[in-house]
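Working notes, structure below.
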Amino acid sequence: MSNRNVVEQALQHFANPGSRQQYFDLYSDDIILHGYQGIEPGIENVKRFYAAFWSAFPDASVTAQDIIEQADTLIVRYVIVGTHRGAFMGVPATGKQIRLPGISILHFRNHRCF
């Protein structure tokens, strides 16, 4: 399976509450998320962050708009959409839909981000 396929499958799991735990197959155990304030390295910390995110935005989905692949690096331009149903990072639920555009640079080792 290519790194691109790994990312595409992970994005499908991100949006499906029944398979969200499989989203974490994207990451190595020693994953470091740069640019995420307060998330220490390691898969368990990443899981805690996303558990809080999905609790606040239970219908969250992510759509890749562009994927650029160069060797073991992928750049993904995406949009996350969801409804703010619970408190997140100190912000109480608003009931409003969010639309969060972003870009991630993913480095792979053995088909997992590290």
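The values are calculated or read from the model by the stated rules, or taken from the named source; none is laboratory data. Remember, it's a predicted structure, so these values are computed and weren't measured experimentally. Cβ coordinates were reconstructed from backbone atoms using ideal geometry, including for glycine residues, and neighbour counts include every protein chain displayed. Ligands, DNA and RNA are excluded from the accessible area calculation, which covers all protein heavy atoms including side chains. Shrake-Rupley method; radii C 1.70, N 1.55, O 1.52, S 1.80 Å.
Observations on the model:
- Candidates Tyr36, Tyr27, Tyr78, filtered to the one that is exposed (fewer than 12 other Cβ atoms within 10 Å of the Cβ) and of a type in the set (Ser, Thr, Tyr): Tyr36
- A count restricted to the range 19-33 and to residues that are within 19 Å of Thr63 (Cβ to Cβ) and assigned to a loop (DSSP other than H, G, I, E, B) stands at 1.
- Taken over the range 90-102, the residue count meeting the criterion of being free of Cβ contacts under 8 Å to residues at least 24 places away in the same chain, within 16 Å of the chain's Cα centre (by Cα) and open to solvent by 90 Å² or more (accessible area, probe 1.4 Å) is 1.
- Look at the range 28-40: where a residue is of a type in the set (Asp, Glu) and a partner is at pLDDT 95 or above and in a loop (DSSP other than H, G, I, E, B), sitting 6+ places away or on another chain with Cβ atoms under 8 Å, you get Asp29/Gly42; Asp30/Pro41; Asp30/Gly42; Asp30/Phe114.
Results for (1) open to solvent by 70 Å² or more (accessible area, probe 1.4 Å); (2) over 22 Å from Gly38 (Cα atoms), shown as yes or no for each residue.
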| residue | (1), (2) |
| --- | --- |
| Gln65 | yes, yes |
| Thr73 | no, yes |
| Ala87 | yes, no |
| Ser104 | no, no |
| His107 | yes, no |
